[in-house]
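Okay, structure first, notes after.
Read the figures in this text as sums done on the coordinates, not as results from a lab. These numbers were taken from a predicted model, which means no experiment stands behind them. With ideal geometry, Cβ positions are generated from the backbone for all residues, glycine too; neighbour counts draw on all protein chains shown.
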Amino acid sequence: MFDIVEGLRAAFWLVVTGDSDLIAISLRSLQVSLSALVIACCMAIPFGTFLAVYRFRHRRLLIAFINALMGLPPVVVGLIVYILLSRSGPFGVLGLLFTPTAMIIAQVIIITPLIASITHQAMRELWAEYHDLLISLNTSKWQRVKTLMWDGRRNLLTAALAGFGRAIGEVGAIMIVGGNIDNATRVLTTAIALETGKGDFALALGLGFVLIGIAVLVNLAIHWISRTERGRRW
Amino acid sequence: MFDIVEGLRAAFWLVVTGDSDLIAISLRSLQVSLSALVIACCMAIPFGTFLAVYRFRHRRLLIAFINALMGLPPVVVGLIVYILLSRSGPFGVLGLLFTPTAMIIAQVIIITPLIASITHQAMRELWAEYHDLLISLNTSKWQRVKTLMWDGRRNLLTAALAGFGRAIGEVGAIMIVGGNIDNATRVLTTAIALETGKGDFALALGLGFVLIGIAVLVNLAIHWISRTERGRRW
Amino acid sequence: MVVEMFPLHLRDVSVRRHGKTILGPVTHQIGGSGLTVVMGPNGSGKTTLLRAIHGVERLSTGQINWAIPAAQARDLQAYVFQQPIMLRRSVADNLRYPLMLAKRPTGEIDDLVTQWLARIALSDAKSMQATRLSGGERQKLALARALISDPAVLFLDEPCANLDGRATKEIETLLTQTLDRGTRIMMATHDIGQARRLATDVLFMLGGVVHETGVAPDIFATPQTAALQAFLRGDIVE
Amino acid sequence: MVVEMFPLHLRDVSVRRHGKTILGPVTHQIGGSGLTVVMGPNGSGKTTLLRAIHGVERLSTGQINWAIPAAQARDLQAYVFQQPIMLRRSVADNLRYPLMLAKRPTGEIDDLVTQWLARIALSDAKSMQATRLSGGERQKLALARALISDPAVLFLDEPCANLDGRATKEIETLLTQTLDRGTRIMMATHDIGQARRLATDVLFMLGGVVHETGVAPDIFATPQTAALQAFLRGDIVE
Amino acid sequence: KLAVTTSFENSGLADVLLPHIERDTGLAVQLLVVGTGQAIRLGQAGDVDAIFVHARAAEEAFVADGFGTHRREIMYNDFVLVGPQNDPAAIATATTASEAFQAIAQAKAPFVSRGDESGTHKAEQSQWQSAGLEPAQFSAWYREVGAGMGASLNTAAGLDAYILADRASWLNFGNQANLALLFSGDPALFNQYAYLPVSADLHPHVNASGAERLENWLTSNAARELIDGYRIAGEALFVFNATP
Ligand SMILES: Nc1ncnc2c1ncn2[C@@H]1O[C@H](COP(=O)(O)OP(=O)(O)OP(=O)(O)O)[C@@H](O)[C@H]1O
Ligand SMILES: Nc1ncnc2c1ncn2[C@@H]1O[C@H](COP(=O)(O)OP(=O)(O)OP(=O)(O)O)[C@@H](O)[C@H]1O
Ligand SMILES: [Mg+2]
Ligand SMILES: [Mg+2]
């Protein structure tokens, strides 16, 4: 109980004193997760939309498989990436292991299925609505995907936010591929894990609250942005 | 590279030999995650639907906040639950710490916001479609929610599956509140983390593949179920 | 019960959306019986007016008072929308829905449903997804769903737009019967022939305001405003 | 170009859904010019027929052959659906959409759009969300969106169902003009008056099959089958 | 319930002891594998019945503050310096631990530190001290990874870096890549494990009798044989030094 109060106090002081480490770590967290988010969205959103638009054999099986990939355990993803990037691995020469890049790669793998599958779900309705018209206008597959992505962009928000949430809070994978190296690959979640291991629960919680605070800020920012174009809402 | 092959082999043998530990651990994983899923759905789905149906002040702020909660770092959730359930914590007397129950509680907290927010997104469209009719029929708030949940059940699938995925692959929280005790609270993800710590990548990966396999099976099962009522699809 | 509900008072009701006034200001009193036809060119505000009276459209100014508490009044009304809204359920379940809301006994519900399915000639389609119905069939279903819980006030927004000649006739007889049972009906239509056949009084909308009102058949015979004359002739209205 | 496309051959085309045959078998040849009105009671298969010909409805049996490769034919057609489908964009963007697909020069696009907005009297609404339009306005917009890329073949499914008298007149003149420019039109309608005014030939559907065909005005004057006679009278068709 | 450090669990000794404990005393010991600090916290909160760690200072504080009844030394193993086979800092030739650490600092060869204030981390810190060096002033070659023993070894393997590990974890470690044991044997590197029952006065619910029986067993001859006899790759890992 007491720890939680302590945690809040810790968080408060960390923030007001603008602890330089904290700022560095938080920025790294944001940088890694946002990069991962952008990359993942670029792949997952068109792909998910495509799954909604295009009928082909075993389509539903593929979707079931992607839904299953939402359950990829971060630790396993981390391991595989570690093995691939480690000196002895195929991409060892790139020397990416224990760099933010490696963490981004791991997170992209983790959140892509999540985003793709939410996108697919969000686009099914819209496609049902547009189906006849777009077929009738003899649009190409890609034109359909583009149209749906554009007109359905408000529905994609949740997909992106879910992906971001998963990324910013994730620790298992980035701990392995990033190594939680101080001043290099330490982010909020890994720092929290560390403090927990040390038994410094107050600080761990403090960092946790900071992280949640950041997530809230990001979401509020997006909330305001989407609000501005609320008028365009049907 | 080699490790990955090794991992596949390990997974293969674990499965064909029907390793009894593996079975126990896997079943525990399923039991914990599915229980968490059911409980979370019971809260999150009506709540998410309610958010889609009901307009009130600061509604969008609340939604933004819930979206932010999707970013709750498992470790922090784990810590808080630990502190609450710890002997010296308010619910210590229940002696729930280091039991599957504790793990379920932690996972419920983690996946509820995710499910709620996907549900809300999925229900917005349907509500836009039904809005006039349900208002006109002078339905009560709860009747509206019920109607939407029933007619939109296919769209809720993704929400549930995303929640399940997050739960089955999650390790940070259950490690802390479950303690990864052999034969008591060890599940697939914690076992993977343990083997990784020992540097036994082959076994870790093997367990990972088993876990993914389970996720795929669950999703396929659901895929078949939903297929049966495909005819009812619009 | 109808007598209680009316008269209905609209006091400078107006609906504004995105800075554009799409209805009003309308101040009007609506009597307790008969079938009021709401006519007017496209975009003149017919739908908005009916929706506002029914209470599904948020008012920007003014108020609408029934002779009885609003809460009570809501329960006695039914509305058939211009684009029929089909629940994603079987045709039968669509008809069942309002009755289940009213918690009617199951037996009674089933009887009513079968009876109405026969009336709108959709008995064969009863277990089919309503969303797959043809345009006309949707309209018939929506109408039946509105009438099945026989309301005291019925709003119809172009109920026969997609119906064939015969179905239209049938609906019209149905409406006259309903009318005789004392139900108050307000209907928007573009079919002037239909208006002439059914109207007891007419409400002519133009540019969001009530431009002319009158009792049938006189108003068809001797429309006062140039606009209505032109409209009835099917000419440019301005 | 039209001459190339036709004649259009339907060889025992049928559409089955959930074990129910909703169209066909239809074997029919469609000539290269004029306006064919598709008539028939609700649920008789008009929409399904038009959709099948246009190629948005999956056939269960038979085939439909244009005189030119299908791929090519698709580009020359436009369809106005019974329930107008509005893109969730501004009215103007809805009109712009087909032109952008066709990669027309921007300048040309803007001219066409403004011109058509004026024609359907929606110039003031051009920056409004199309999904907010009134029933009639939607139909007009859908029609304009179909005509703006002037297609060689135009399918209309009850285009005037929600239009007021004047708009209907205007659309009809518009259609006759389009017809004169050599566009082939196939239209489903319940408005027999409109059918008489526009049809060059008629295709009468009943229970999913083509029950009677004939050239206007004779077919109106002397319908051969009892069913069509009854239908024209607005009686029960069976 | 017994909270132990990752290094102990990773040594694999537990898997040998537990079955015997079960058989001899009928105690089903549940191991909670956590960082040293966390283990002590678990003890303080009374969420475990005893802790088994190796961080003398912290342990004494634990007893002093009355969280634990007493501290019972059970056994020790030793730390080893692991590093890349080619040994850039040439520590293999060093005679004392301090020399070896100085050599690494001189060569500025990459060094991975647990950085989690675990027993191992504290031992490493004290080694730097006694070598007259201050880790806080080290530059980028000194990597604080803040992770468990296994995770840190993985990192070291990935970085081809030097690292101080306990022998047990090292020998048990599967992912040795091209690391090798380069320096060991200096008594300064001995690593004392101690057993601390949680005070039942503070936390009435703790299974004090169980904890006591376990302690008795751990200090018994049966335990001695097993611990001294535990070998990996033919090497003895632990030396039993409990005083019955
Ligand atoms: N949310 C909105 N924002 C802006 N304008 C709107 C909105 N909703 C409706 N309108 C406009 O208000 C006018 C009246 O709409 P309404 O649906 O009442 O017309 P109507 O008389 O029913 O026309 P129709 O005969 O075509 O159904 C229309 O011009 C429509 O474009
Ligand atoms: N997917 C489907 N499954 C079963 N029946 C269907 C399906 N789609 C359409 N139908 C039925 O096929 C019949 C023909 O539909 P269609 O839309 O062609 O009728 P229509 O002639 O256009 O009627 P309307 O004049 O009302 O528009 C209708 O009775 C409809 O209920
Ligand atoms: Mg209207
Ligand atoms: Mg039709």
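Numbers below:
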item	result
Relative exposure of B:Tyr54, D:Tyr97, judged by other C-beta atoms within 10 Å (fewest first)	B:Tyr54, D:Tyr97
Calculated FRET value between D:Thr176 and A:Arg227, using beta carbons and R₀ = 45 Å, to 0.05	0.40
Where labels lie 7 Å past Cα in the beta-carbon direction, separation of A:Leu220 and B:Asp19 in nm	4.9 nm
Relative contact order %, chain C, counting alpha carbon pairs below 8 Å whose residues are six or more apart	28 percent
Interchain or long-range residues, amide H under 5 Å from C:Ser90's placed H	C:Ala130
At 7 Å out from Cα toward Cβ: D:Gln115 inter-copy label distances (nm, ascending)	5.9
Inter-copy label distances at A:Leu27 (7 Å, Cα→Cβ; nm, one decimal)	5.3
Number of partner chain Cβ atoms within 10 Å, mean per residue of B:184-194	4
For A:Leu72, net neighbour charge (Lys/Arg +1, Asp/Glu -1) across residues whose Cβ lies under 13 Å away	0
Rounded FRET efficiency, nearest 0.05, which uses the C-beta distance separating E:Ser220 from A:Lys141 and R0 of 45 Å	0.05
Entries of B:Lys141/C:Lys103; A:Lys141/D:Lys103; D:Lys20/D:Lys46; C:Lys103/C:Lys140 with Cα pairs more than 21 Å apart	C:Lys103/C:Lys140
Under 18 Å from the B:Leu94 label point (7 Å along Cα→beta-carbon), backbone N, the range B:158-195	B:173-179, B:185
The range E:38-110: relative contact order in percent, alpha carbon pairs under 8 Å with at least 6 residues between	18 percent
Helix D:106-119 vs. chain D, principal-axis angle (Cα, 0 to 90°, nearest 10)	60 degrees
Label spacing, shortest first and in nm, from C:Arg233 to its equivalents in the remaining copies (7 angstrom along Cα→Cβ)	3.6
Qualifying trypsin sites (Lys or Arg not before Pro) in the range A:59-94, DSSP loop, other Cβ atoms within 10 Å at most 15	A:Arg87
Residue and distance (whole Å) for the chain A Cβ nearest the axis that superposes A on B	A:Glu125, 2
Which of B:Val218, A:Val15 has the fewest Cβ neighbours within 10 Å, and the rest in rising order	A:Val15, B:Val218
Net charge contributed by nearby residues that have their C-beta within less than 12 Å of B:Ile104 (K/R +1, D/E -1)	0
Using a Förster distance of 41 Å, the FRET efficiency for D:Glu108-A:Met43 (Cβ separation, nearest 0.05)	0.70
Minimum Cβ-to-axis distance in chain C for the rotation onto chain D, with residue, whole Å	C:Ala161, 2
Choice from E:Leu189, E:Leu18, E:Leu171 with maximal GNM fluctuation in chain E (Cα, 10 Å cutoff)	E:Leu18
Two-site label geometry, C:Ser123 and E:Thr243: point separation in nm, points 7 Å out along Cα→Cβ	10.1 nm
Top of B:Ala221, B:Ala24, B:Ala167 by mean-square fluctuation, Gaussian network on chain B, Cα under 10 Å	B:Ala221
Relative contact order (%) - chain E, alpha-carbon pairs under 8 angstrom, separation at least six	31 percent
Helix axis angle, A:20-53 relative to chain A longest principal axis, alpha carbon, degrees	20 degrees
Selection from B:Thr17, B:Leu205, B:Ile176, by position along the positive dipole direction of the range B:2-233 (Cβ)	B:Ile176
Helix axis angle, B:201-228 relative to chain B longest principal axis, alpha carbon, degrees	30 degrees
D:Trp116, A:Trp142, E:Trp141 arranged by Cβ crowding within 10 Å, fewest neighbours leading	A:Trp142, E:Trp141, D:Trp116
